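Structure first, then comments.
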Amino acid sequence: MVLNTSKVALITVLLLFNTVFLNAAETKEKEKKESFNAKEMIMHHVKDAHEFHIVEWNNKPISISLPIILWTNKGLSIFSSSEFHHDDSGHQIVEKDGNKFVKLHEKIYQLNNGSNSVEFNKEHHPENASLPLDFSITRNVFMMWVSVILLLFLFITSARKYKKSKDNVPTGIAGFVEPLVVFVRDEIAKPMIGEHKYEKYMPYLLTVFFFIWINNIFGLIPIFNGANVSGNIAFTLTLALCTFIITTFSGNKNYWKHIFWMPGVPIPMKIFLMPIELIGIFTKPVSLMIRLFANITAGHIIILALMSLIFIFETVWVSPVSVAFSLFIGIIEIVVTAIQAYIFTVLSALYFGMATEEEHH
Amino acid sequence: MTITGIAAIGAGLAAIGAGIGIGKIGGSAMDAMARQPEMHAKIQASALILAAFVEAVALFGVVAALIV
């Protein structure tokens, strides 16, 4: 009972604070719209970037420059992103291989022949520039490589440990990896795919589980500037496409029969179900893609929005609230990193299981 | 009302739907776990998967709102 009353009191206080701050925000925001734009800041953090921006120190950005690789109509152009001098508004022009490039909102534009500066139309889109094919090593690609190297190190060293040990007892890193591998095998692969066929899919399931998990965790580490790898729709699209291809190619006769000629229902129903099941083939990977993308991106946006409250209200007194809330969300996000990796793996395994299920008699 | 305002309302409605759905899943899972504690692990796993399905629908709404 005491607990209940204190809880109610706490919630009331928080709600009160909330309304006070909201009102303050309404009045303040009208005056100070130019000085701090939370949406721009958040989007800048969530999106991919051409340089690894770490911190702003004495008004000078400290960052790691990454290579820019472009394929233009005159061939390949490679240069460092430092040549843009941290400019993201399209003013710094870089001349390479007879082409002029500008960087605008983290997109590299190629100026048309003869023009010396970017001209904008009414919607603030560049008018006299085109987009070359961009194969740059961006922040996300860089972070992905880091996680690949880390995973290789993790698994190669633990595999070596097993080779060396005589009685197959896991030691060192292997002791950390083995329970997770066993978890994926016993809790995900075996119940979803079945005792006899699961082994074929284990490499893919393990890869997906660890790759998503480690990238989710990297996204939460502030010093990497929250490189939002698993919150990038291209990344999740690729993984979902892999699941889709494996499901489609491992589909047996029974699987396709359930899609095109559902057994056990009258013929009008079979015809009715065929297009629905056909769409279902594609909605499964699409939902995999959007689930991971939206979950991770939403987590990043919430943490950043709570942090930017301090700058929106322009008072240090909001910081305890904002830090406490973002810590709370941060802890939830740590759980979410594992849950999302688990769910992606479970659903992939479920689809493989559906594709390889034998007919019931 | 601007189009972003309407989009925000749409995202909010999607969140309400997901809240009801996940609440029902959680409540039923808790009931089931209390009745059969020995099935705890299995119920928890399937509850998580079902929550993911419900959540995906809400996230479709959120993504649609973001695109607008």
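The values are calculated or read from the model by the stated rules, or taken from the named source; none is laboratory data. What you see is a predicted model, and the numbers here were worked out from it, not measured in a lab. Methodologically, a virtual Cβ is constructed for each residue, glycine included, from the backbone with ideal geometry; neighbour enumeration extends over all protein chains shown.
Values as computed for the structure displayed
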| quantity | calculated |
| --- | --- |
| Qualifying residue in region A:232-240 (condition: within 14 Å of another protein chain (Cβ to nearest Cβ), in contact (Cβ under 8 Å) with a residue 12 or more places away in the chain and in a loop (DSSP other than H, G, I, E, B)) | yes |
| Region A:211-226 - residue that is out of contact with any Ser or Thr (no Cβ under 9 Å at 6 or more places or on another chain) and in a helix (DSSP H, G or I) and, of those, modelled with the lowest pLDDT | A:Phe224 |
| Those helices (runs of 4 or more DSSP H) lying entirely in region A:112-205 with at least 3 residues aliphatic (A, V, I, L, M) and over 30 Å from A:Glu358 (Cα atoms) | A:139-164, A:173-183 |
| Checking A:Lys28 against (1) exposed (fewer than 13 other Cβ atoms within 10 Å of the Cβ); (2) at pLDDT below 55; (3) within 29 Å of A:Trp317 (Cβ to Cβ), the condition it does not meet | (1) |
| Segments classed as helices (runs of 4 or more DSSP H), wholly inside region A:241-360, with at least 2 members that are among the β-branched types (Val, Ile, Thr) and touching a helix residue (DSSP H, G or I) at 6+ places or on another chain (Cβ under 6 Å) | A:267-313, A:319-356 |
| Unmet requirement for A:Ile334, which otherwise passes all of (1) surrounded by fewer than 19 Cβ atoms within 10 Å (Cβ to Cβ); (2) over 15 Å from the mean Cα position of the chain (by Cα); (3) more than 14 Å from chain B (Cβ to nearest Cβ) | (2) |
| Qualifying position, being away from chain A (no Cβ under 11 Å) and under 15 Å from the mean Cα position of the chain (by Cα), among B:Leu50, B:Leu13 | B:Leu13 |
| Flag if A:Ile312 is farther than 30 Å from A:Thr247 by Cα and out of contact with any Pro (no Cβ under 6 Å at 6 or more places or on another chain) | yes |
| Neighbours by Cβ (under 6 Å, 6+ apart or cross-chain): first from region A:249-267, closer than 12 Å to A:Ile281 by Cβ; second in a helix (DSSP H, G or I) and at pLDDT 90 or above | A:Gly251/A:Ala355; A:Tyr255/A:Ala355; A:Ile259/A:Glu277; A:Phe260/A:Met274 |
| Output for region A:273-328, where each listed residue is touching a Ser or Thr at 6+ places or on another chain (Cβ under 6 Å) and away from chain B (no Cβ under 14 Å) | A:Ile303, A:Leu306, A:Met307, A:Leu309, A:Ile310 |
